[in-house]
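Undergrad: First the structure, then my questions, so here it is.
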Amino acid sequence: MVATTRLGKSQQAGMTYVFFLWFILVYGILLGSYIEITSTQTKRLKEQDFINTAQLYIKALEHYYKDHQVLPKDIKQLLCDGQTYPCKRYLRQLYKDPLTHQSFIYIYDEQKQIIGVKSNAKGNVINAKLRESYQTDSYQQLELKVITQKTYSIKY
């Protein structure tokens with residue numbers, strides 16, 4: 001028996017190539033949508049981390065105000081009070097902004113006391129509830145401030 005070979009192209013070889021191109025196209029589309037979804041979820045998690053970390057600063061400022069009736073002029077006063085022994089810690093450490101991985105920007109009042117924190121991140125807020133509750137669209141306008149109730153006595 002002698003083996004014979006055909007000298008023509010089979011239709012199967014062309015169909016395999018078309019199927020391979022179709023598979024690569026579908027795989028690329030699915031991979032692109034997966035990357036978009038995960039990046040949006042990552043941004044939302046960073047936003048939530050920002051709010052949680054900023055609220056830690058706000059609670060520390062409120063506790064400091066409750067104890068001293070003034071707000072601190074230096075953020076390091078929240079780490080170690082220095083007025084009592086052992087020193088009272090309102091914050092364990094200076095936390096970084098989860099959006100930028102840099103230090104928070106501190107908001108000061110007229111007496112140079114720290115009243116809040118904000119971010120230097122660029123971009124728009126993704127979470128709709130966050131936009132509504134803080135009434136802002138961008139990260140740079142998102143400010144969290146402490147609310148102190150100063151009472152004034154009026155003498156008659």
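The values are calculated or read from the model by the stated rules, or taken from the named source; none is laboratory data. These numbers come from a predicted model, not from an experiment. Glycine also receives a Cβ, built like all others from the backbone with ideal geometry; neighbour counts cover every protein chain displayed. Side chains are part of the model used for accessible areas, which takes the heavy atoms of the whole protein and leaves out ligands, DNA and RNA. Shrake-Rupley method; radii C 1.70, N 1.55, O 1.52, S 1.80 Å.
Undergrad: Please say if the range 99-142 is rounded, prolate or oblate, where rounded means a/c under 1.5 for a ≥ b ≥ c the square roots of the C-alpha gyration tensor eigenvalues, and otherwise the choice is prolate for a/b larger than b/c and oblate otherwise?
TA: Here the range 99-142 falls in the oblate category.
Undergrad: For F104, what accessible surface area do you get with a 1.4 Å probe? Give it in Å², rounded to 10.
TA: Near enough 10 Å² of accessible area.
Undergrad: Using a 1.4 Å probe on the protein chains only, how many percent of the accessible area of the chain belongs to carbon and sulfur?
TA: Ligands and nucleic acids excluded, carbon and sulfur give 56 percent.
Undergrad: Then there's this: Just subtract the alpha-carbon distance of I37 and W22 from 0.36 nm times their residue separation and send over the number in nm, one decimal.
TA: Using 0.36 nm per residue and subtracting the Cα-Cα distance, I get 3.1 nm.
Undergrad: Cα axis of helix 11-68 to longest principal axis of the chain: angle in degrees, 0 to 90, nearest 10?
TA: Tilt relative to the chain: about 10 degrees.
Undergrad: Kirkwood Rh over alpha-carbon pairs of the chain, then Stokes-Einstein at 37 °C and 0.692 mPa s: what D in µm² s⁻¹, rounded to an integer?
TA: Stokes-Einstein gives a translational diffusion coefficient of 162 µm²/s.
Undergrad: Sort out for me the Cα centre separation of the range 19-37 from the range 39-112, rounded to whole Å.
TA: After rounding, the separation between the Cα centres reads 44 Å.
Undergrad: Obtain the nm distance between the two label points defined at S138 and I107 by a simple spin-label model: each point lies 7 Å from its Cα along the Cα-to-C-beta direction.
TA: It is 1.6 nm.
Undergrad: Before I look further, what does the chain give for accessible area per residue, probe 1.4 Å, in whole square angstrom?
TA: 80
Undergrad: If you take the charge dipole of the range 52-156 about its Cα centre, with +1 on Lys and Arg Cβ and -1 on Asp and Glu Cβ, which of H63, I147, I114 is farthest toward its positive end?
TA: The residue sitting most towards the positive pole is H63.
Undergrad: For K73 and N124 in one chain, what is 0.36 nm times their gap in residues minus the Cα-Cα distance, to one decimal in nm?
TA: Gain on extension, K73 to N124, equals 15.3 nm.
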